[in-house]
Structure formats: structure tokens, C-alpha cells
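The values are calculated or read from the model by the stated rules, or taken from the named source; none is laboratory data. Being a predicted model, the structure only gives us computed values, none of them experimental. Every residue, glycine as well, gets a Cβ built from its backbone with ideal geometry; the counts of neighbours run over all protein chains shown.
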Amino acid sequence: MTTAFTYLPRVAEPEKMTEEEEAHYARADYSVPHEAFVDEIVAAIGRGKEISLVDLGTGPGDVVLRFRGKVDWDLWGVDFSPGMLAIAVEGATARLPASARPINWVIADTKRTGLPSQYFDAVISNSVLHHLEDPLRFWREVERIGKPGGFVHVRDLRRPPSDAEADRLTSLHVGRESEVVQEHYRSSLLSAYRADEVVQQLDQAGLHGLQVRELDDRYLEVVGWRAEPA
């Protein structure tokens, strides 16, 4: 792993996208990473189980909708953008059969969801952490709403070591998307956390038993089964 001092300082971006950014993000094609993310979680948990799963920062709901196409779990999608959840509801109508088990869509801050404590067997999130100026509040909410011994899978970008690498990753992964998406993606890379920073966040939040690992050229993920209380 590259030593911490070689990394760029974190440049925070706003927690909430503009309406223009939301519209472009909803139209962007993230089908390949989203499908891989869902398949990895289904494989880790097992299809035959009856579980409750919440996606924090679900955005337009693509990840949750992909789950519904594979499993009959109790699914929840949380986002603080009414516009994003409206797109998610439209997507559910268009993509799922009328007989599909309903998905619970909740308008709420991922750091203060109002959901019941120790309710969820699995708490997941994708590309949300880098938006948060106070990630500790997010991790404490993950700890609160998830069951002891439950499953956690949080995937996000990780901060690159240089501006040149940020430019390369942007061109490589979203170079065919709109200029708005490209600018937002680069900004997201520069606001992302390093793996060692996330390790410290988890320790402070009391989330134990989880692995923090770097994935591919731009992701990090927190994954595993939470340690049971002593």
C-alpha cells in the first residue's frame, strides 16, 4: 500500500448533489459495478435466507432493484433526496413485475435514519462515504441499525495519490459520460477517504470484525460479519 504521506489532502465536496448532478447521475451507466456489488453480497449471505437488508444512500435505487431481481429479501432503500427516490419508485414500476415483493423506500439522512435499532441483518452502502464530512456519524448509524453479528458491506472510492492519477481514473472509468458526471466523479475521488482513515473511523464507531481492503484501481470496501458482543 502507498504510504499515507504521499496522498493528496482530502478536498470535501457537498453532501448533497445539485439537481443537475442528480439527473446526470441517474442516467449514467453503472450497471457493471452495481451488478458485481450485488452478486458479491448475495454470494456472501446466501440466497435461501430470509433477511432484511438496507441500502444507505440508495440514490436512484439501481442496487436495490438489482437485489429484487435475484432475491426475495425484505429490502429497504434510504436516501435524503426526494428526487432520487422518485426515480427509484419509477424504476421499480418499470423494471419489476407487479407481483414482486414491495421495496421500502425511506427519505432520511444516512447519518440519522430514524429506523429501528438492531433491525437489519445486512447494512450496505455504495459510493456514499466520500460525500460525508462527518463519517463517524454514518458508521455509528450502521452500528445502531444493524444486528449484532450482522453483515456489512460498504463500498466507496478511495483517494488517489495525485491529481494526475485522478485525471487518469476519471478518463478511464467515466470518460464517455457527460461532462457533469466526469467533473463530479473527479471531485468524488478527491473527497474520498483512504483505507487507513476508514480503519480509524470503524474503531471509533465500535464496529469490529470487519475488513477494510483496497479493490481494483479506485475502490475500497468495508466488508464482513460484525463481531458479536463479548
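Some notes on this structure:
- Identity of the residue in segment 1-58, in a loop (DSSP other than H, G, I, E, B), at pLDDT 90 or above and small (Gly, Ala, Ser), that ends up nearest to residue 88 (Cα to Cα): 57
- Flag for residue 47 being of a type in the set (Lys, Arg), surrounded by fewer than 22 Cβ atoms within 10 Å (Cβ to Cβ), out of contact with any Cys (no Cβ under 7 Å at 6 or more places or on another chain) and within 26 Å of residue 207 (Cα to Cα): yes
- Pair list, Cβ < 7 Å and 6+ apart or interchain, from segment 33-47 residues that are closer than 17 Å to residue 216 by Cα to residues that are in a helix (DSSP H, G or I) and modelled with pLDDT of 95 or more: 34/62; 34/63; 34/66; 35/66; 37/63; 38/63; 38/66; 38/67
- Leading residue by the ranking (nearest to residue 60 (Cα to Cα)) among those in segment 78-109 that are free of Cβ contacts under 8 Å to residues at least 24 places away in the same chain and either crowded, with 18+ Cβ neighbours inside 10 Å or of a type in the set (Ser, Thr, Tyr) (or both): 93
- Condition check for residue 188 on (1) modelled with pLDDT under 95; (2) in a helix (DSSP H, G or I); (3) over 15 Å from the mean Cα position of the chain (by Cα); (4) not acidic (Asp, Glu): one failure, at (3).
- Screening segment 131-162 for residues that are assigned to a helix (DSSP H, G or I) and either among the acidic types (Asp, Glu) or at pLDDT below 95 (or both) and picking the one that is farthest from residue 11 (Cα to Cα) gives 143.
- In the set (1) of a type in the set (A, V, I, L, M, F, W, C); (2) over 30 Å from residue 19 (Cα atoms); (3) assigned to a strand (DSSP E or B), residue 199 fails one condition alone, (3).
- Condition met for residue 93 (more than 24 Å from residue 184 (Cβ to Cβ), out of contact with any strand residue (DSSP E or B) (no Cβ under 9 Å at 6 or more places or on another chain) and among the β-branched types (Val, Ile, Thr)): yes
- A Cβ distance below 7 Å, combined with a sequence gap of six or more or placement on separate chains, defines the contacts here; from segment 197-211, residues that are surrounded by 14 or more Cβ atoms within 10 Å (Cβ to Cβ) reach residues that are acidic (Asp, Glu) in the pairs 205/143; 207/143.
- Test result for residue 78, part of a strand (DSSP E or B), at pLDDT 90 or above and among the β-branched types (Val, Ile, Thr): yes
- Of all residues in segment 130-162 being in contact with a helix residue (DSSP H, G or I) (Cβ under 8 Å, 6 or more places away or on another chain) and among the acidic types (Asp, Glu), the one that is nearest to residue 27 (Cα to Cα): 156
- Among the candidates 183, 165, residue that is assigned to a helix (DSSP H, G or I), at pLDDT below 95, surrounded by fewer than 18 Cβ atoms within 10 Å (Cβ to Cβ) and at negative phi: 183
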